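What follows is a short report on a single structure.
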Amino acid sequence: MALYGRVMKLKHLSRFFTSKQFLSTPKNYITKERLMSEQQFTKISSNNDDLKLLDDHLVMSYQNTVSSLDSVAMKFHYFWLRDHCRCAACYNHSTHQRNLDLFSIPFSIQPKDCKIVGDDLEVEWRDGHTSKYSIPWLSMQTFDSYSNRVSAPTRILWKGFPESVAHVPMKSFLETDEGLTQLMKSLTSLGVGLVEGVDPTVEATEKVISRVAPPQKTLFGDLWEMKPSEYHEDTAYGSQALKAHTDNTYFSEAAGLQVFHVLDHKGEGGKTLLVDGFRAAQTVKDEDINSFQVLTETCIQGEYLEKGQHHCLTSPVLSLHPITGKFRQIRYNLYDRSPMNTVPFSKVMEWYQAMGLLSKAVCDPSGEWWLQLRPDQVLFVDNWRVLHGRSAFTGVRWVAGAYISRTDFLSRARVAEALPLDD
């Protein structure tokens, strides 16, 4: 039986967005900084707002503070509302996990009653269960709200030296939240950051790395060293020049961060090269959209082989966010490609030509940042975005470093409030 529409006035909630009660309520699980940014997008109206009950969903009006529209309707299916009940029986607030057996709910579920009580929407279901939802929380769960938040620009594309890159003193980095946040914001906006004043020892390297997250253990170890006594079947362990590339194109999930610490070098050369891969990808997109699409759709295989190891992954060179279309990852490594048998004959030259355009943008001298790392500097690089390389060197060069997994990096960035949005 259809539910008849009715009007219920909503109270003005602007005082609630910054109240201690809302900020401390576990069910919202949101930082104040993120809350204030989201308040700019959605805010419940204080006058003449409707709550309309239809056959399979309800419609609630709210004021969009960044739009010229008087009000925007947010819609919620009854099934969605029942799935998102945050009562203690349906949701574990300690583990932040659902308890409800989702598909025990009938798809045709309807409420017996709905009403606004203070700042909450209360729903009484026909089986007698009652759900309560914070209206500000609901306003942040719509697709429009989510997509607007994740579409907000957070990255700065750069060519040459990015002037705003963080140079964080080690004491501040290790001992203060501000120091850690400074590095995280540099990594999420630019893809690179430095910690300075570090002792040139492996122990000091590990201490700095562990402030972000535990090193990711791979076939190269957890904390690795490049020196004459250490060797893998990888060109990085030689002394020749390396063109700009990303690492781990053959791993199921490439490392999120790569960390370098040049502990000692008795010789010449060995400068570090950094290139913004997203800037290079944007250049291709601007110049030839068809080639850009080829790089996002055509899958090639990266491969690593040595005794006892065989890693490979088939994937496009460029990956995009599934909702916003923003750059998510560049897998660019001309060294680690396996025989190209994953591309149909008719598409082979199309891929080579598209990759040639990307390579031209990567190798553009105006986009290169060359730096001679000092023994007191630890360099963090976003391996999903920034390509690295080096010039050839002579003598003995001792480098320590590690990988940090992508999931650990993003978790640390969100906790540091340097990445409040899905990336």
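The values are calculated or read from the model by the stated rules, or taken from the named source; none is laboratory data. Quantities reported herein were computed from a predicted structural model and do not represent experimental measurements. We place every Cβ from the backbone using ideal geometry, glycine too, and count neighbours over all the protein chains shown. Remember, those area values only see protein heavy atoms, side chains included, never the ligands or the DNA or RNA. Shrake-Rupley method; radii C 1.70, N 1.55, O 1.52, S 1.80 Å.
Checking each residue in the range 104-116 for being touching a residue at least 24 places away in the same chain (Cβ under 8 Å), in a strand (DSSP E or B) and open to solvent by 60 Å² or more (accessible area, probe 1.4 Å) picks out only K115. Tallying residues that are within 15 Å of A73 (Cβ to Cβ) and at pLDDT 90 or above within the range 115-147 yields 3. Scanning the range 314-358 for residues that are of a type in the set (K, R) and assigned to a strand (DSSP E or B) yields R328, R337. Annotation note: of V165, V198, V150, V192, the sole residue that is in the same structural domain as F380 (by the TED database), at pLDDT below 90 and either open to solvent by less than 60 Å² (accessible area, probe 1.4 Å) or of a type outside the set (D, E, K, R) (or both) is V150.
Looking at the range 73-103 only, could you name the residues that are open to solvent by less than 60 Å² (accessible area, probe 1.4 Å), in a helix (DSSP H, G or I) and aromatic (F, W, Y)? The answer is Y78, F79.
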